[in-house]
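The values are calculated or read from the model by the stated rules, or taken from the named source; none is laboratory data. Being a predicted model, the structure only gives us computed values, none of them experimental. Because the Cβ atoms are built from the backbone with ideal geometry, glycine has one as well, and the counts that use them run over all protein chains shown.
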Amino acid sequence: MALPKTPGVYLMKNKAGRIIYVGKAKALKNRVSQYFGSQNNHPVKVRRMVENVFDFDYIMTDTEFEALVLECSLIKQYSPKYNILLKDDKGYSYIKITGGDWPQISAVKQKDDASATYIGPYISSFSVTGSVDEARKIFMLPDCGKKFPEEIGKSRPCLNYFIKQCSAPCAGKISREDYNESVASAIKFLKGDSADVIRELAGQMNEASEALEFEKAARLRDRINSIKKVNEKQKVVGSDVREQDVFAIAQAEDRMCLSVLRFSEGRLRDSEWFLFNELDSLPEMRRDLITRFYSMGRNIPARIAVDGEVEGLELLNEWLSHTAGHKVEVVIPQRGRQLETVNMCRSNASQKLALSLGRSGRTTAALDELARILDLEKPPVIIESYDISHTAGSDNVAGMVVFKNGLPYKKNYRRFSIKGFSGQDDYASMAEVISRRLNRYVEEKDSGEGFGVLPDLILLDGGVGQVNAVLPIVRAMGFDIPVYGMVKDNKHRTRAIASDGGEIAINSKRRAFTLVSTIQEEVHRFAISYHRSRHRASALSATLTKIEGIGEAHSKALLKHFKTVSAIKKANIDELCEVRGIGRDKAQKVYDYFRKNVDNT
């Protein structure tokens with residue numbers, strides 16, 4: 001099918017004629033042709049999509065803006081399999097107060113009890129759930145679901161009672177009158193009357209103090225302080241822009257998480273997150289995610305902050321402004337409070353992604369941060385790190401450690417003995433090791449294990465010199481693996497990351513700094529422990545080569561068999577003859593040597 005070089009929308013279809021992907025293009029011919037050229041540059045999901053394309057169609061538009069509007073409409077209509085689709089499961093939420101003499105407060109999605117009282121509806125379940133949790137803790141209300149008064153006195157208090165987060169009505173630790181007073185204050189707090197609640201509690205505290213009920217006064221004081229802390233917390237996680245949404249993406253392997261924080265009146269009012277598989281580059285994905293999010297009927301604020309580059313930013317601003325009916329600007333914060341807010345949003349995405357993958361949120365965030373610092377396409381799954389160890393050029397060895405998903409993967413640790421030369425040359429040693437490792441990949445790549453797996457990132461213990469010694473070898477062998485050095489300060493602590501163009505400071509990037517420091521310490525430990533074992537073996541071997549007729553090969557064979565020189569000393573001639581290459585004549589010489597030296601001591 002001949003395609004025009006005009007703006008428009010293209011529709012990819014499978015054998016059944018079902019639309020599996022909708023995209024827009026500034027020039028239809030150029031964009032569609034990219035899918036059917038070389039597949040090596042496409043992500044896995046795009047390659048899979050192209051494999052399922054049986055036919056395609058297109059719709060021309062007058063402008064790229066019209067193409068974007070039409071693309072959003074068609075995606076909403078057809079929900080194509082390979083487009084980013086954000087599941088819209090938001091509904092109304094309510095605060096439920098049960099009836100009876102012992103009312104309980106909870107967050108619910110629907111009205112399901114005619115005898116209960118409801119506050120709401122609220123659009124944000126995030127706000128409702130968070131507010132109810134805070135109210136329960138402040139006013140020490142139960143969250144266990146037990147029914148009162150039926151279950152009063154039938155159980156012992158749980159942990160929440162002892163950490164002062166529940167008044168334990170189940171164990172009869174609070175009267176019905178005091179309990180209902182707490183519920184009434186909690187309802188006022190949930191309705192936003194914090195100031196009135198604090199005034200009422202302060203009055204009750206003064207009355208209790210005058211009546212010498214100091215324990216009750218202290219309890220009321222703690223409640224007032226808790227409310228003030230909640231208000232302060234809301235300010236801390238608030239925004240210096242009164243109305244805005246914040247978008248950030250976290251990546252791990254082929255999975256991504258979008259986190260959206262929504263601020264109103266300077267406070268965090270809602271939080272949403274979405275998991276999906278990787279499809280396009282990050283700039284394209286940010287554009288698509290923003291258009292998908294607001295195509296679901298979300299209110300569009302005047303300002304939207306994002307965590308990185310957005311493809312077609314001017315066009316996106318135009319579409320958002322058109323959809324919202326007022327001017328909308330997408331910004332990429334670079335410093336100050338706004339950057340902190342974006343980083344908080346990204347941390348939230350990392351945590352959600354980590355939970356979905358069964359990982360640590362801290363590790364996922366560290367890998368994501370490292371990828372951004374080094375400008376990698378995605379967070380590295382496999383990191384290999386190398387260090388050289390020797391004593392003035394003798395017993396020259398290298399250690400290779402592997403970190404998988406940010407954690408040590410000791411199964412794939414490897415040790416190297418430098419063979420290409422003798423003496424001290426860290427650059428040549430590192431070059432030899434990397435060359436041997438990559439050659440092993442060529443030999444074993446079909447295995448998919450050990451050396452048969454390429455790393456996503458190589459970290460060398462050292463600076464620019466080590467990087468410049470290794471990088472030409474990696475490129476000459478046809479590999480596009482990022483290579484960086486780990487630079488230490490004069491106290492042997494990680495200071496920066498070295499590239500072939502200089503150094504990148506990482507001290508201010510706490511998560512990435514901790515991860516790189518851990519890797520550097522581990523590879524140093526592994527390399528030096530191997531060197532020490534080799535050095536000890538060399539010293540022992542040197543002792544044995546003093547015996548007439550025992551050379552390097554014989555000494556190694558003896559040590560391999562007996563493990564220690566002490567064991568060799570104790571061996572009789574028959575036991576020494578069991579060693580390969582040691583005949584009775586040599587065994588006699590070894591036996592006599594140690595007996596002679598023992599007699600002389």
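Structural remarks
- Selected residue [closer than 20 Å to residue 287 by Cβ, modelled with pLDDT of 90 or more and not assigned by TED's automatic domain parsing to the domain that holds residue 290] from 13, 45, 24: 24
- Hits in the range 548-593 (condition: assigned to a helix (DSSP H, G or I), of a type in the set (Val, Ile, Thr) and under 27 Å from residue 533 (Cβ atoms)): 565, 568, 590
- Residues in the range 169-208 that are closer than 22 Å to residue 133 by Cβ, outside any helix (DSSP H, G or I) and of a type outside the set (Lys, Arg): 174, 192, 193.
- Considering 362, 286, the condition of being more than 30 Å from residue 470 (Cα to Cα), touching a residue at least 60 places away in the same chain (Cβ under 8 Å) and within 21 Å of the chain's Cα centre (by Cα) is satisfied by 362 alone.
- For residue 288, the criteria (1) out of contact with any strand residue (DSSP E or B) (no Cβ under 7 Å at 6 or more places or on another chain); (2) among the charged types (D, E, K, R); (3) outside any helix (DSSP H, G or I) hold in every case but one, which is (3).
- Counting only residues that are touching a Lys or Arg at 6+ places or on another chain (Cβ under 8 Å) and not in a loop (DSSP other than H, G, I, E, B), the range 127-168 holds 3 of them.
- Residue that is farthest from residue 76 (Cα to Cα) [pool: residues in the range 291-337 that are assigned to a loop (DSSP other than H, G, I, E, B) and at pLDDT below 90]: 335
- Candidates 38, 73, 33 - the one that is surrounded by fewer than 15 Cβ atoms within 10 Å (Cβ to Cβ), under 16 Å from residue 288 (Cα atoms) and either among the hydroxyl-bearing types (Ser, Thr, Tyr) or at pLDDT 90 or above (or both): 73
- With respect to (1) at pLDDT below 90; (2) within 18 Å of residue 375 (Cα to Cα), the lone exception for residue 483 is condition (1).
- None of 138, 97, 152 is over 38 Å from the mean Cα position of the chain (by Cα), under 19 Å from residue 190 (Cα atoms) and buried (at least 17 other Cβ atoms within 10 Å of the Cβ) except 97.
- Evaluation of residue 484 against (1) in a helix (DSSP H, G or I); (2) hydroxyl-bearing (Ser, Thr, Tyr); (3) surrounded by 19 or more Cβ atoms within 10 Å (Cβ to Cβ) (one fails), failing number: (1)
- Annotation: of all residues in the range 347-379 being buried (at least 23 other Cβ atoms within 10 Å of the Cβ) and not hydrophobic (A, V, I, L, M, F, W, C), the one that is nearest to residue 514 (Cα to Cα) is 369.
- Selected residue (criterion: farthest from residue 415 (Cα to Cα)) from residues of the range 451-466 that are in contact with a helix residue (DSSP H, G or I) (Cβ under 9 Å, 6 or more places away or on another chain) and part of a helix (DSSP H, G or I): 465
- Selection count where residues are free of Cβ contacts under 8 Å to residues at least 12 places away in the same chain and of a type in the set (A, V, I, L, M), scope the range 445-476: 1
- Failed condition for residue 67, given (1) of a type outside the set (D, E, K, R); (2) within 24 Å of residue 323 (Cα to Cα); (3) modelled with pLDDT under 85: (3)
- Just one of the listed residues (462, 448) is at pLDDT below 90 and crowded, with 19+ Cβ neighbours inside 10 Å, namely 462.
Every residue, every condition in (1) of a type outside the set (Val, Ile, Thr); (2) at pLDDT below 80; (3) exposed (fewer than 13 other Cβ atoms within 10 Å of the Cβ), yes or no:
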residue	(1), (2), (3)
160	yes, no, no
167	yes, no, no
175	yes, no, yes
179	yes, no, no
196	yes, yes, no
199	yes, no, yes
206	yes, no, yes
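- Condition met for residue 340 (in a helix (DSSP H, G or I) and surrounded by fewer than 20 Cβ atoms within 10 Å (Cβ to Cβ)): yes
- The set of residues from the range 498-514 being buried (at least 20 other Cβ atoms within 10 Å of the Cβ), within 22 Å of residue 381 (Cβ to Cβ) and out of contact with any Asp or Glu (no Cβ under 7 Å at 6 or more places or on another chain) comprises 506, 513.
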